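*Asks:* First, the structure itself, so that you have it in front of you.
Every read-out reported here was derived from the displayed coordinates using simple, explicitly stated rules and does not represent laboratory data. Only a predicted model underlies this, so the values are computations on that prediction, with no experimental measurement involved. No Cβ is skipped: glycine too gets one built from the backbone with ideal geometry, and neighbour counts run over all protein chains shown.
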Amino acid sequence: MPALSIRSVSKSFGTTRALIDISFDVSPGEIVAILGPSGCGKSTLLTLIAGLEKPDTGEILWDGTSLSSVPSHLRGFGLMFQDFALFPHLNIQANIAFGLHLSGMASQAIRGRVTDVLALVGLPGLESRDVNTLSGGEQQRVALARSLAPRPRLLMLDEPLGSLDRSLRERLVGDLRGILHQTHQTAIYVTHDQEEAFTLADRVIVMNHGQIEQIGAPKQIYSAPASPFVARFLELNNLLEGEVFQNDNQTTVTTSIGMIPLPQGTPSGKVFVLLRPDRTSPDASLPFGLQGTVTDVSFRGNWQRLSLIINQTPLTFDFPSDELLPAAGQPITISLDPAESVQLFQAD
Amino acid sequence: MKLIGQRGNAVAALLWLLPLTFLAVFYFYPLANILSVSFSRLDGSWVAPFLQAFTSPSILHVLGFTFWQAGLSTLLTLALGIPGAYLLARYQFRGKSLLQALMGIPFVMPTLVVGVAFNALLGSSGWVNLALMDWFDLVAPPIRFSNTLTAILVAHVFYNTTIVLRMVGDYWSHLDPRLEQAARVLGANQWQTMRQVTIPLLLPAISAASLLVFLFDFTSFGVILVLGGPRFATLEVEIYYQTVSLFNLPLAAVLSLIQLACTLGMTVLYSRLSTRLTRPLSIRPQQYTQRRPITWRSKLFASMLVGILVILLTFPLAALALRSFTHVSTGRDQTTAQSGFTLDYYRELTINRRQSLFYAPPAASIGISMGYAGLTALMAMALGLPSAWALARDQSSSFNRLIDPILMLPLGTSAVTLGLGFIVALDQPPLDLRASWLLVPLAHTLVAFPFVVRSLTPALRSIRPRLHQAGAVLGASPAQVFLKIDLPLVGRAVLVASTFAFTISLGEFGATTLIARPEFPTLPVAIYRFLSLPGGLNYGQALALSTVLMAITAAGMIAIERFRIAEVGEF
């Protein structure tokens, strides 16, 4: 049985439809990431689950019981805000103990719990520091400790790393993953960063304009995006308009870069064509070849990105760093296996 | 490092130059003068009047009553003002700006007019008693309001609720609602969230507002005189009696000093508290913090509160306005009254009946008051902005800690003493202002100045230091940081402060009545002239002028609300 169930939830603010018919489940101990651009409704969804706002229609259930009449403070959920919302009038100890006092815990036990969670988030012994003097990373950890301290049934994190620098973010994502798994925490993690979502989550929900575009495991979403939006959001940018034709036992799709053969039986019609940037070869070793001119090669650590232009259409492909590639301005042949590298989306 | 410190000191000195010069010349000099004149009339030792003040049971009773009524009034004002501030800060509803404009009116009404207004509503021949007597065939008025403690408390709440609404409401409207949401999610119910998060975060604004309210109640004069009757006397009233009726200037001076000492003590306490309470908050634009009341509970809360505020704050004024259009003639047996609509009182205002050279037609006092008020607002801002900035930029400076309570002194000083001080001190070269109309706006600025500082400083302090640093790093000088970062961020507070300065000037009566030139009467002075003359026509004209003052204030408040929305915006 799922821990949390969202059933056909919709929410509007004035004429803006923030959420349209959202449904999904979260299993006990599962970490679900909600991934989408800003304004897609993902933060609104958290405020609904937390009970800070009420859905216009639809229902939110916990263990099969509706939460509609349960106020925020009795839901037993945790919510970590984007800018942390630490209480500026309380020190670290008091910030973390805030929820514990309210649950009626004895002060001895509270002290122990605060020490424990501070150690868990990697800030042991900082109890009496003033929160106004903390660095961004420390604030993030204190906010996490405060959310974890009352052992919430569900922890929601709203872009918790959004305001931090990249290296800190990468380190904290790892730490966060460790902490959440260590405590078997059921969690919903909202972010616009696909790397964070993929690193942390058991399951990813991609949202756009208040609607769910795709739900799946990170690998599944990356290898088979359900829509051109998801593909573009995952920075799979080789998207072309095309049309599928059947002639002489052959199925092909015509695009701005020419005809590409497709497996037999692909239905005809207008489509979007996604050429995956990986699984290609910079020579003619695979069944189907493309000729173009290199415009740029950029080094990215253990891989490199090749930009080329075919018939005025820019494309990018990724190769391992040790692959020798021609310089900008040189002609190049890229080969690929259409069965592996080409994905089609129906155009409406 | 040293260089920066020296430049910082130089900036601070520059900022303080004008405000401190002003205070020295127009506050300390006249005050010292009147005190020395008072004590010079003494025959024996200067200890005698102090002994008299601290041993006389009647004076001790006055002292006790002054504290007691001020404390009680402040508590009642907060009890109404804080929910009201919440309503204005967190909810958006139709007619809100009208409501805010209405709330501002009582504050500027001269105390005499308020006394008259409450009498017109609840007095023995007020509307309510007349109606009750009529409905239930009573012989005597059923409600006894005049000359009771209730009347004093109600009038104080009526006066000062707007201070809490403005100061706390403004601060509250910028408080990040996510802090409260965080508390809710952590398991706090609404009451716990309020007590443990919201109120502590609001404390700087609440304590600032409380101090002002307490000081106003503590130095209350007109309300006690008109509504309290002879049974009640505050220090200020006692000073007035001792000065004007008994001519015991030494005792009056001692009482003035006691009042000053109390003010100073409370202000020191407050500034100690405020530096400890103020925290850097991330302020949020109002559109992110306000919403419409949707649930039936919030609708009920909003409408009940709006109802209470409207009844308390507008009924007395409505009664007054209604009365200014009503011709009342009492029957011979004193129990029946005939009333009818009339415009006579207003028609009379434009006529100079006395044909006197020094006597302006009553309507002229409208223009005079507006001019004084505009000048006062300008001067109070010119002095208040640098002071508030100097206070906010360096909270740990010992000089600032010393100066902060001193700035509040004019508020706690008896207006009677101050008015006499102006007359005694500023009538000889090099400062011969006795015949100058400038005395009035100068005195008004003195009273408005602490107000401006008090409402600007918390707003300036709550700006995160990070923003100053960001501005400095981007190449802005301290002055540019102030102009381009602080000022836009506190634009609303600046507007609120100047509105207060303007309205304080419009309504000031105690000092003005002593120093105003007879040919340049302000509205309250003109109203008082009519009130002190016998006859229904004069009383009616007083009511009519009061109604005009009320209308000007309302128009001004509404204009400022509109101006804020159109021009200044939030951020």
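*Asks:* Return, ordered by residue number, the residues of segment A:128-156 whose backbone nitrogen is under 14 Å from a label point located 7 Å along Cα→Cβ of B:GLN395.
*Replies:* A:130-133
*Asks:* Estimate the FRET efficiency between B:LEU98 and A:PHE245 by the formula 1/(1 + (r/R0)^6), using the beta-carbon distance for r and 60 Å for R0, to the nearest 0.05. It would help to have the intermediate numbers written out before the result.
*Replies:* Details: r = 69 Å, r/R0 = 1.15.
E between B:LEU98 and A:PHE245, to the nearest 0.05, is 0.30.
*Asks:* If you don't mind, there's one more thing I want to ask. Once you charge only the Cβ atoms, +1 for Lys and Arg and -1 for Asp and Glu, what is the size of the charge dipole of segment A:239-346 about its Cα centre, to the nearest 20 debye? List each step's numbers first, then the result.
*Replies:* Numbers: 5 positive and 11 negative charges, 40 e Å.
With only Lys, Arg, Asp and Glu charged at Cβ, the dipole is about 200 debye.
*Asks:* Between B:ARG517 and B:THR314, what's the calculated FRET efficiency when r is the beta-carbon distance and R0 is 45 Å? Round to 0.05. Walk me through the numbers before you get to the answer.
*Replies:* Numbers: r = 34 Å, r/R0 = 0.76.
For B:ARG517 and B:THR314, the calculated efficiency is 0.85.
*Asks:* Give the long-range amide H neighbours of A:LEU52: residues separated by 5 or more places, or on another chain, with amide H under 5 Å away, using H modelled in the peptide plane at 1.01 Å from N.
*Replies:* For A:LEU52, whose amide H was placed from the backbone, there are no distant partners under 5 Å.
*Asks:* Quick one: length gained pulling A:THR333 to A:TRP303 fully straight, 0.36 nm per residue minus the C-alpha distance? List each step's numbers first, then the result.
*Replies:* Working: separation 30, 0.36 × 30 = 10.80 nm, distance 1.89 nm.
Stretched fully, the A:THR333-A:TRP303 segment lengthens by 8.9 nm.
*Asks:* Which far-off residues, 5 or more places away or on another chain, put their amide H under 5 Å from the one on B:ARG291, with H placed in the peptide plane?
*Replies:* Amide H to amide H, under 5 Å and 5 or more residues apart or across chains, B:ARG291 pairs with B:TYR91, B:GLN92.
*Asks:* With a cap of 14 neighbouring Cβ atoms within 10 Å, and only residues DSSP puts in a loop, list the chymotrypsin sites (Phe, Trp or Tyr not before Pro) found in segment B:123-156.
*Replies:* For chymotrypsin sites (Phe, Trp or Tyr not before Pro) across segment B:123-156 that sit outside H, G, I, E and B with at most 14 neighbouring Cβ atoms in 10 Å, the list is empty.
*Asks:* May I pose another question? Give the calculated FRET efficiency between B:PHE28 and B:SER58 to the nearest 0.05, with a Förster radius of 25 Å applied to their Cβ-Cβ distance. Intermediate values should be presented prior to the final figure.
*Replies:* Values: r = 31 Å, r/R0 = 1.23.
The value I calculate is 0.25.
*Asks:* Which value in deg cm²/dmol, rounded to the nearest 500, describes the helix-derived mean residue ellipticity at 222 nm for chain B, given -39,500 (n - 2.57) per DSSP H run of n ≥ 4 and division by the residue count? Intermediate results must be reported in sequence, preceding the final value.
*Replies:* Numbers: 26 runs with 394 residues, N = 571.
About -22500 deg cm²/dmol.
*Asks:* When the chain is fully extended, how far beyond the present Cα-Cα distance does B:PHE67 get from B:ALA48, taking 0.36 nm per residue of separation? Spell out each step's value before the answer.
*Replies:* On the way: separation 19, 0.36 × 19 = 6.84 nm, distance 2.41 nm.
Net length gain for the segment: 4.4 nm.
*Asks:* Of B:ASN33, B:LEU186, B:SER436, which is farthest towards the positive pole of chain B's charge dipole, taken about the Cα centre with +1 and -1 on the beta-carbons of Lys, Arg and Asp, Glu respectively?
*Replies:* B:LEU186
*Asks:* Still on this structure, please answer the following. Quick one: which residues, 5 or more positions from A:VAL204 or on another chain, have an amide H under 5 Å from its amide H? H modelled 1.01 Å from N in the peptide plane, none for Pro or chain starts.
*Replies:* So A:VAL204 has HN proximity to A:ALA33, A:GLY216, A:ALA217.
*Asks:* Please compute, for peptide B:175-183, the average count of beta-carbon atoms on other protein chains lying within 10 Å of each residue's beta-carbon.
*Replies:* On the way: counts 0, 4, 2, 9, 6, 2, 9, 16, 7.
Mean number of neighbouring Cβ atoms from other chains: 6.
*Asks:* Could you point to the residue in B:LEU202, B:ALA373, B:LEU20 farthest towards the positive end of chain B's charge dipole, with +1 and -1 charges on the Cβ of Lys/Arg and Asp/Glu respectively?
*Replies:* B:LEU202
*Asks:* Still on this structure: Quote the charge dipole size of segment A:214-296 about the Cα centre in Debye, to the nearest 20; the model charges only the Cβ of Lys and Arg (+1) and of Asp and Glu (-1).
*Replies:* Values: 5 positive and 7 negative charges, 56 e Å.
The dipole magnitude comes to about 260 debye.
*Asks:* A further question follows. Cβ neighbours within 10 Å, averaged per peptide: list A:330-339, B:220-229 in order, most packed at the top. Spell out each step's value before the answer.
*Replies:* On the way: A:330-339: 15.6, B:220-229: 23.3.
Packing order, densest peptide first, comes out as B:220-229, A:330-339.
*Asks:* Which order results if B:CYS262, A:CYS40 are arranged by neighbouring Cβ count within 10 Å, fewest first? Please report the intermediate quantities before stating the final value.
*Replies:* Numbers: B:CYS262 19, A:CYS40 24.
Fewest-to-most Cβ neighbours within 10 Å comes out as B:CYS262, A:CYS40.
*Asks:* Further, regarding this structure: Mind checking the dipole of segment A:4-233: about its Cα centre, +1 per Lys or Arg Cβ, -1 per Asp or Glu Cβ, Debye to the nearest 20?
*Replies:* On the way: 20 positive and 22 negative charges, 46 e Å.
Dipole of segment A:4-233, to the nearest 20 debye: 220 debye.
*Asks:* Over chain B, what is the relative contact order in percent, taking alpha-carbon pairs closer than 8 angstrom and at least six residues apart?
*Replies:* On the way: 755 pairs, mean separation 125.7, N = 571.
With pairs under 8 Å counted, the relative contact order is 22 percent.
*Asks:* Something else about it: Going by how many other beta carbons lie within 10 Å of each one, how would you line up B:SER324, A:SER321, fewest first? Intermediate results must be reported in sequence, preceding the final value.
*Replies:* Values: B:SER324 23, A:SER321 10.
Sorted ascending by nearby Cβ count, the order is A:SER321, B:SER324.
*Asks:* Sort largest first and round to whole Å: the equivalent ellipsoid semi-axes of segment A:259-307, each the square root of five times a Cα gyration tensor eigenvalue.
*Replies:* Values: eigenvalues 142, 34, 25 Å².
Its equivalent ellipsoid spans semi-axes of 27, 13, 11 Å.
*Asks:* Hey, another quick one. At what distance in nm do the modelled label points of B:SER36 and B:LEU438 sit from each other, each positioned 7 Å from its Cα along Cα→Cβ?
*Replies:* Output for this residue pair reads 2.2 nm.
*Asks:* If contacts are Cα pairs under 8 angstrom and at least 6 residues apart, what is the relative contact order of chain A in percent?
*Replies:* Numbers: 699 pairs, mean separation 52.9, N = 348.
Computed over chain A, the figure is 15 percent.
*Asks:* Can you put B:THR513, B:THR267 in order of Cβ neighbours within 10 angstrom, beginning with the fewest? Write down the numbers at each step before the final one.
*Replies:* Numbers: B:THR513 19, B:THR267 22.
Lowest count first: B:THR513, B:THR267.
*Asks:* Here's another thing I want to ask about it. Under the 0.36 nm per residue contour assumption, what length would be gained going from the current alpha-carbon distance of A:LEU234 and A:SER10 to full extension? The partial results should precede the final answer.
*Replies:* Numbers: separation 224, 0.36 × 224 = 80.64 nm, distance 2.58 nm.
Contour length minus Cα-Cα distance gives 78.1 nm.
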